[in-house]
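**Q** Below are the structure tokens for one structure; questions will follow.
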Amino acid sequence: MKRRTKVFVGTALTGALLTGSATVAGAKGWWSPGPKDVRVMLPEGQSNPAIANGVATGGEVAVYQSSGLGPSPLNPAAPEGTSERYTDPALTEGAQGVTITEAQALVVLRNIRTNLETAGVKPADVITMKAYLMKPPGAEIADYAGWNRAYRQYFANIDLKSLQVVPVSMGTSAPKPPLLANKARPARATMEVASLAVPGWLVEVEVTATYNKKR
């Protein structure tokens, strides 16, 4: 798939908080992983970071790599080829101020969840993520804020100290429980690109996840 990267933004890489073999490390005291370990470096002093600083995997850790996935055309009321076509009104019902990028990202992340579960892993097992965004029609830059709101609906929404689910906002609506409670913080890069393969797409995401042998 042809992509011309226009802006490389916020490449804060993170690791998922997995059950079993995963270990969380702060910025200090980082050490190399054992053959079957997944080790995550999180920012110091933060109980609910969106992403972490890095992730390390041992040589015997089995991983799954998804393809880049985009949104499905689930809004038949919108014309074909438009950005609105690639949203799901059911996901944003009742919410106010949801941007088109945010609405598409919600569909993409749900597609990622389905893809992972088909492969025998879960969103909680995700260790890396790359997000490609196009700027919406008429906008000067990609909608990073909308993307980040959608991301919190599926990732990084459990406080790491209290282990409580953190309410998140959809659009300008008041925070509510997320669509999926998940404490994973994948190593993430987000970038604006000049084009995506499908006319109307504003979001495409690919992830890497690890297989938990204890599951």
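The values are calculated or read from the model by the stated rules, or taken from the named source; none is laboratory data. Quick caveat: nothing in here was measured; it's all calculated off a predicted structure. Ideal geometry is used to build each Cβ from the backbone, glycine not excepted, and the neighbour counts take in all protein chains shown.
**Q** Tell me the residue from K122, K176, K213 that is modelled with pLDDT under 95 and over 12 Å from the mean Cα position of the chain (by Cα), please.
**A** One residue alone meets the criteria, K213.
**Q** Taking interchain pairs and intrachain pairs at least six residues apart, which have beta carbon atoms under 7 angstrom, with the first residue in the range 28-55 and closer than 21 Å to D159 by Cβ and surrounded by fewer than 20 Cβ atoms within 10 Å (Cβ to Cβ) and the second at pLDDT 90 or above and of a type in the set (S, T, N, Q)?
**A** A50/N148
**Q** Checking G81 against (1) in contact with a Leu (Cβ under 7 Å, 6 or more places away or on another chain); (2) in a loop (DSSP other than H, G, I, E, B); (3) small (G, A, S), only one condition comes out false. Which one?
**A** Tallying (1) in contact with a Leu (Cβ under 7 Å, 6 or more places away or on another chain); (2) in a loop (DSSP other than H, G, I, E, B); (3) small (G, A, S), G81 fails exactly one: (1).
**Q** Give the range 179-194 a look and list any residue that's under 10 Å from the mean Cα position of the chain (by Cα) and either modelled with pLDDT of 95 or more or in a loop (DSSP other than H, G, I, E, B) (or both), or say none.
**A** Selection gives A184, R185, P186, R188, A189, T190.
**Q** Going through the range 70-101 one residue at a time, which ones are among the small types (G, A, S), surrounded by 19 or more Cβ atoms within 10 Å (Cβ to Cβ) and closer than 15 Å to Q153 by Cα?
**A** none
**Q** Residue check, A174 against (1) in contact with a strand residue (DSSP E or B) (Cβ under 8 Å, 6 or more places away or on another chain); (2) surrounded by fewer than 18 Cβ atoms within 10 Å (Cβ to Cβ), all met but one. Which one?
**A** A174 satisfies every listed condition except (1).
**Q** Taking the range 102-130, which residues are surrounded by 20 or more Cβ atoms within 10 Å (Cβ to Cβ) and β-branched (V, I, T)?
**A** Matches in the range 102-130: V107, V108, I112, V121, V126, I127, T128.
**Q** Is it fair to say S21 is of a type outside the set (A, V, I, L, M), modelled with pLDDT under 90, more than 16 Å from the chain's Cα centre (by Cα) and surrounded by 15 or more Cβ atoms within 10 Å (Cβ to Cβ)?
**A** The answer is yes for S21.
**Q** Follow-up question, since we're still on this one. For residues in the range 137-159 being part of a loop (DSSP other than H, G, I, E, B) and surrounded by 17 or more Cβ atoms within 10 Å (Cβ to Cβ), which is nearest to the chain's Cα centre (by Cα)?
**A** Here the residue is F155.
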